[in-house]
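Novice: Sending over a structure as structure tokens; questions will come in a sec.
The values are calculated or read from the model by the stated rules, or taken from the named source; none is laboratory data. Because the structure is predicted, anything quoted here is derived from the model rather than measured. With ideal geometry, Cβ positions are generated from the backbone for all residues, glycine too; neighbour counts draw on all protein chains shown.
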């Protein structure tokens, strides 16, 4: 059976879901948080060690300011309400992306979340906010040049936002969109990819388990026969 230590998810479709419900896009974003809580629980049950989530792309700044502000308030509130519980459950929080553009209060919450949970090892949640992989790669190359180090795979990986973990074996994207959207392009090179028509707020733990069951049946060759 294939090992499964790291699952990556592009949580797409919240805004569209809210509009389909005759509500606002923000209503959909709020509903998506509840799904996330369920998937975190399911990862622990399945003994998955790493969960990487695409929450906000650097390209999402093109969205209406009102929606962007709501998304960051939602993140702040999530951390405020859930950080203590996540820490008690031995869950580590890491953030991927450029944090310098965020408000002072959000940056403090992000830094504190990482600091408080840094020794936890039951599940590591890597949350990508203001993230695109191309920027991550450029950032790493610049660091290596400054350090006068060789540009090779090992050295480049050493300056990625999240280091010393295995690449995702599995990527799930909801929202009926079949693309990677600049998410972990290097790390996903050999991942098994599942694109779902369902919007993120409709994604269930049963859907998650079905995908994992399918994943275990895949013959993974990595270039071999």
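Novice: Report yes if some residue within the stretch 150-163 is modelled with pLDDT under 95 and in contact with a strand residue (DSSP E or B) (Cβ under 7 Å, 6 or more places away or on another chain); otherwise report no.
Specialist: Looking for residues that are modelled with pLDDT under 95 and in contact with a strand residue (DSSP E or B) (Cβ under 7 Å, 6 or more places away or on another chain), one finds at least one in the stretch 150-163, hence yes.
Novice: Please identify the pairs in which a residue from the stretch 81-109 that is without any contact (Cβ under 8 Å) to a residue 60 or more places away in the chain has its Cβ atom under 6 Å from the Cβ atom of a residue that is assigned to a strand (DSSP E or B) and surrounded by 12 or more Cβ atoms within 10 Å (Cβ to Cβ), counting only partners at least 6 apart or on another chain.
Specialist: Within 6 Å, the pairs are 91/123; 92/124; 93/125; 98/130.
Novice: Now a separate question. May I ask you to say which residue of 172, 116 is touching a strand residue (DSSP E or B) at 6+ places or on another chain (Cβ under 9 Å), at pLDDT 95 or above, closer than 28 Å to residue 60 by Cβ and not in a helix (DSSP H, G or I)?
Specialist: After ruling out the rest, the residue left standing is 172.
Novice: Any idea how many residues of the stretch 128-169 are free of Cβ contacts under 8 Å to residues at least 12 places away in the same chain, in a loop (DSSP other than H, G, I, E, B) and loosely packed, with under 14 Cβ neighbours inside 10 Å?
Specialist: 7
Novice: Let me ask something else. What about residue 99, is it more than 19 Å from residue 166 (Cβ to Cβ), surrounded by fewer than 17 Cβ atoms within 10 Å (Cβ to Cβ) and in contact with a helix residue (DSSP H, G or I) (Cβ under 8 Å, 6 or more places away or on another chain)?
Specialist: Judged against the criteria, residue 99 is a match.
Novice: If you don't mind, another one. If I ask for residues that are surrounded by 15 or more Cβ atoms within 10 Å (Cβ to Cβ) and in contact (Cβ under 8 Å) with a residue 60 or more places away in the chain, which ones from the stretch 206-225 would you list?
Specialist: 208, 212, 215
Novice: Given the criterion at pLDDT 95 or above, under 21 Å from residue 4 (Cβ atoms) and assigned to a loop (DSSP other than H, G, I, E, B), identify the matching residue among 208, 183.
Specialist: Among 208, 183, only 183 is at pLDDT 95 or above, under 21 Å from residue 4 (Cβ atoms) and assigned to a loop (DSSP other than H, G, I, E, B).
Novice: Is there a residue in the stretch 102-110 that is touching a helix residue (DSSP H, G or I) at 6+ places or on another chain (Cβ under 8 Å), closer than 23 Å to residue 136 by Cβ and outside any helix (DSSP H, G or I)?
Specialist: Yes; the residues of the stretch 102-110 include at least one that is touching a helix residue (DSSP H, G or I) at 6+ places or on another chain (Cβ under 8 Å), closer than 23 Å to residue 136 by Cβ and outside any helix (DSSP H, G or I).
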